[in-house]
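Student: Here it is: the structure, laid out below.
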Amino acid sequence: MRKPYVILIGSASGIGKSTIASKLAKELNIKHLIESDFIRAVVRGIIGKEYAPAFSRL
C-alpha cells in the first residue's frame with residue numbers, strides 16, 4: 001500500500017500556487033487536490049471561534 005502524499009504550497013495571492021499544484025499532481029500521478037479554502041472551512045466547523053478566532057476571520 002502506498003503512503004499518502006501531503007504537499008503544502010504557500011505564497012501570496014495570484015502567484016500561481018494552483019498552477020504549480022496541478023502540474024506537480026500530474027507529474028506525481030496524484031489524483032486529488034484539496035484547496036486551502038476547503039481546509040479552512042473544515043477547520044472552522046471543527047474548532048470553534050473561542051479556540052481559534054483567527055480562522056473565523058478568514
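The values are calculated or read from the model by the stated rules, or taken from the named source; none is laboratory data. Treat the numbers as computed from the prediction; the structure is a model and nothing was measured. All Cβ positions, even for glycine, are placed from backbone atoms using ideal geometry, and neighbour counts span all protein chains on display. We work out accessible area using only protein heavy atoms, side chains counted, and drop any ligands, DNA or RNA first. Shrake-Rupley method; radii C 1.70, N 1.55, O 1.52, S 1.80 Å.
Student: In nm, give the distance between the simple-model label positions of TYR5 and HIS32, each being 7 Å from the Cα along the Cα-to-Cβ direction.
Tutor: Modelled inter-label distance: 1.5 nm.
Student: Using a probe of 1.4 angstrom, how much of the accessible area of the chain is carbon and sulfur, in percent?
Tutor: Here carbon and sulfur together make up 60 percent of the probe-accessible area.
Student: For the chain, set up a Gaussian network in which alpha carbons nearer than 10 Å are linked by springs, and say which option among ALA21, ALA41, ALA12 fluctuates the most.
Tutor: Most flexible of the set in this elastic network: ALA12.
Student: Once Lys and Arg get +1 and Asp and Glu get -1 on their Cβ, which of THR19, SER36, PRO53 lies farthest toward the positive end of the dipole of the chain?
Tutor: Result: THR19, furthest along the dipole toward the positive end.
Student: Going by alpha carbons, how many degrees (0 to 90, nearest 10) lie between the helix axis of 36-46 and the longest principal axis of the chain?
Tutor: Here the helix axis deviates by roughly 40 degrees.
Student: For the chain, report the % of Cα-Cα distances exceeding 15 Å.
Tutor: The proportion of pairs with Cα distances above 15 Å equals 60 percent.
Student: Same structure, new question: Are there GluC sites (Glu not before Pro) in the range 11-54 that DSSP puts in a loop and that have at most 15 other Cβ atoms within 10 Å, and which ones?
Tutor: GLU35, GLU50
Student: Mind checking the per residue accessible area of the chain for me, 1.4 Å probe, whole number of Å²?
Tutor: Ligands and nucleic acids excluded, the figure is 95 Å² per residue.
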